[in-house]
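Every number in this text was worked out from the coordinates using simple rules, so none of it is lab data. Predicted, not measured: the structure shown is a model, and the values here were computed from it. Note that we place each Cβ from the backbone using ideal geometry, even for glycine, and neighbour counts take in every protein chain shown.
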Amino acid sequence: QVEQIYREKIFNENVAAIEQHNADKTQTYKMGINQFTDLTQSEFATIYLTLKVNKRFERTVSAKPATIVGDVDWVSAGKVTGVKNQGNCGSCWAFSTTAAVESAYLLRGQPVLLSEQQLVDCSGAYGNYGCNGGWMDSAFQYIIDHGITSQDAYPYVAVNQVCKIDGGQYRLGGFVDVQGCDNLQNALSQQPISVAVDAGNWSSYRSGVFGNCATSVNHGVLLVGVTDSYWVIKNSWGTGWGEGGFIRLNKGNTCAVCNYPSYPRI
């Protein structure tokens, strides 16, 4: 009962902030009520903003591109799997990883949904912490060494478990780290890219082009498109959040999107 009253108080405060934001005609994006509206900012951060940068797997690629490619839209091209929901578990890093690998397989004409739960349960030796955070490159390295199985074979339960299947038929040959926004746009023209972002202010995002963020990376997502004015990102908070599960970010290094991009090679 006390908890319910507390949640209602937080919910009402957040709704007031959402309404105040949406009344401001100068804003480029709208906010809305969703599954996070009854959480405080610190609760949201503790559960969802858990990305752990693992420098051990950082490799630099620094050639300056001669030309920048134009618009990219992997969703319309049919090379992006559906939006998933990480639930009450800090496993964004695992969802960013599987999303990137699923897209890489789609680009080879192989539709597959891969097991985030396997990464949560089995990749601890690579510096990942299951629902308490992890890093995409560390997960790519696990898949390179072990392989990964399908979502059906190892379903998602959003809690840390003992490893059940430590391997699988879906393999990777390697992964590549990308440096800088220009290189990121060119890499994106080849395939969707895992990126680390500052999602501290994303909780109430509903629609539009977002730019209201800092630069401390704390969330892993998949970059799936770009235009002259914005990036398009697939998130793992379900389809009820954002634009059907997606968010658009101002072009440039908004939310630190260009700081730690990486992509898998099959």
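Give the peptides 87-97, 117-127 in descending order of average Cβ contacts within 10 Å, highest first.
Details: 87-97: 26.5, 117-127: 23.7.
For the peptides 87-97, 117-127, the packing ranking is 87-97, 117-127.
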Between Arg108 and Gln1, what FRET efficiency follows from the Cβ-Cβ distance if R0 is 51 Å, with the result rounded to 0.05?
0.40
Isolated cysteines for the chain, Cβ-Cβ cutoff 4.7 Å, are Cys92
Quick check on segment 202-241: take the gyration tensor over C-alpha atoms, sort the square-rooted eigenvalues as a ≥ b ≥ c, and tell me if it's rounded (a/c under 1.5), prolate or oblate.
rounded
Okay, helix-only estimate at 222 nm for the chain: each DSSP H run of n ≥ 4 adds -39500 (n - 2.57), divide by all residues, round to 500 deg cm²/dmol; what do you get?
-8500 deg cm²/dmol
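At a 10 angstrom cut-off on C-beta neighbours, averaged per residue, how do the peptides 184-196, 15-27, 203-215, 149-161 rank from highest to lowest?
On the way: 184-196: 23.1, 15-27: 11.4, 203-215: 18.1, 149-161: 15.9.
The densest-packed peptide leads the list: 184-196, 203-215, 149-161, 15-27.
Take every Cα pair under 8 Å in the chain that's 6+ residues apart, average their separations, divide by the length, and report that relative contact order as a whole percent.
Details: 600 pairs, mean separation 63.9, N = 266.
Answer for the chain is 24 percent.
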In Hz, Karplus ³J(HN,Hα) per residue of segment 227-233 (6.51, -1.76, 1.60; θ = phi - 60°; x = Gly, Pro):
10, 4, 10, 7, 8, 10, 10
³J(HN,Hα) across segment 121-138 via Karplus (A = 6.51, B = -1.76, C = 1.60, θ = phi - 60°), whole Hz, x for Gly/Pro?
7, 10, 9, x, 5, 9, x, 9, 10, x, 6, 9, x, x, 9, 4, 4, 5
Starting with the highest mean, order 226-234, 35-43 by the number of other Cβ atoms within 10 Å, averaged over the residues of each peptide.
226-234, 35-43
Sort the chain into rounded, prolate or oblate with this rule: let a ≥ b ≥ c be the square roots of the eigenvalues of the Cα gyration tensor; rounded if a/c is under 1.5, and if a/c is not under 1.5, prolate when a/b is larger than b/c, oblate otherwise.
oblate
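With a/c under 1.5 counting as rounded, go ahead and sort segment 156-266 into rounded, prolate or oblate using the C-alpha gyration tensor (a ≥ b ≥ c being the square roots of the eigenvalues; past the cut-off, prolate if a/b is larger than b/c, else oblate). Mind showing how you got there, number by number?
Numbers: a/c = 1.96, a/b = 1.25, b/c = 1.56.
Taking the square roots of the gyration eigenvalues as a ≥ b ≥ c, segment 156-266 is oblate.
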Length gained when the stretch Gln190-Gln20 is fully extended (0.36 nm per residue, less Cα-Cα span):
57.1 nm
Extreme residue, positive dipole direction of segment 2-265, given options Phe210, Gln161, Tyr142 (C-beta unit charges):
Tyr142
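Set the bar at 29 Å for Cα to Cα. Now go through Lys30/Lys234; Lys25/Lys52; Lys9/Lys234; Lys9/Lys52 and name every pair that lies beyond it. The partial results should precede the final answer.
Numbers: Lys30/Lys234 18 Å; Lys25/Lys52 36 Å; Lys9/Lys234 31 Å; Lys9/Lys52 32 Å.
With Cα atoms farther than 29 Å apart: Lys25/Lys52; Lys9/Lys234; Lys9/Lys52.
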A correct Karplus calculation of ³J(HN,Hα) over segment 183-193, with 6.51 cos²θ - 1.76 cosθ + 1.60, θ = phi - 60°, whole Hz and x for Gly and Pro, returns 4, 5, 5, 5, 5, 4, 5, 9, 5, x, 10
Taking the Cα centre of segment 2-265 as the origin, how large is its charge dipole in debye, to the nearest 20, when only Lys and Arg (+1) and Asp and Glu (-1) carry charge on their Cβ atoms?
460 debye
